[in-house]
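The values are calculated or read from the model by the stated rules, or taken from the named source; none is laboratory data. As the structure is a prediction and not an experimental result, all values here were calculated from the model. Every residue, glycine among them, receives a Cβ derived from its backbone with ideal geometry; neighbour counts consider all protein chains shown.
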Amino acid sequence: MARTIVDIVFSVAILVGICLHYFYIGDISIGTFYLVLIANYVGARYLLMSDLDFAIYVAALESEDE
């Protein structure tokens with residue numbers, strides 16, 4: 001559970017940093033902004049799905065022990 005929360009906080013922090021650089025600082029182009037948003041989405045989805053896969057694996061092992 002804690003790992004999932006840390007992954008979400010990490011992804012949101014990256015998203016805030018991306019938006020800060022694009023909207024306020026303005027040092028990245030629109031194309032780079034979209035590419036980084038896509039990369040952040042894919043990375044966050046991978047982290048959250050790996051947590052889900054791990055939870056399913058642990059649940060399967062626990063049910064196998066019973």
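Cβ-Cβ contacts under 9 Å between residues 6 or more apart (or on different chains), taken from a first residue in region 7-30 that is under 22 Å from L52 (Cα atoms) to a second residue that is modelled with pLDDT of 90 or more and among the β-branched types (V, I, T), are listed as I14/V36. Scanning region 29-66 for residues that are within 22 Å of V6 (Cβ to Cβ), modelled with pLDDT of 85 or more and of a type in the set (F, W, Y) yields Y41, Y46. In region 1-13 there is at least one residue matching the filter, namely being surrounded by 10 or more Cβ atoms within 10 Å (Cβ to Cβ), in contact with a Phe, Trp or Tyr (Cβ under 9 Å, 6 or more places away or on another chain) and modelled with pLDDT of 85 or more.
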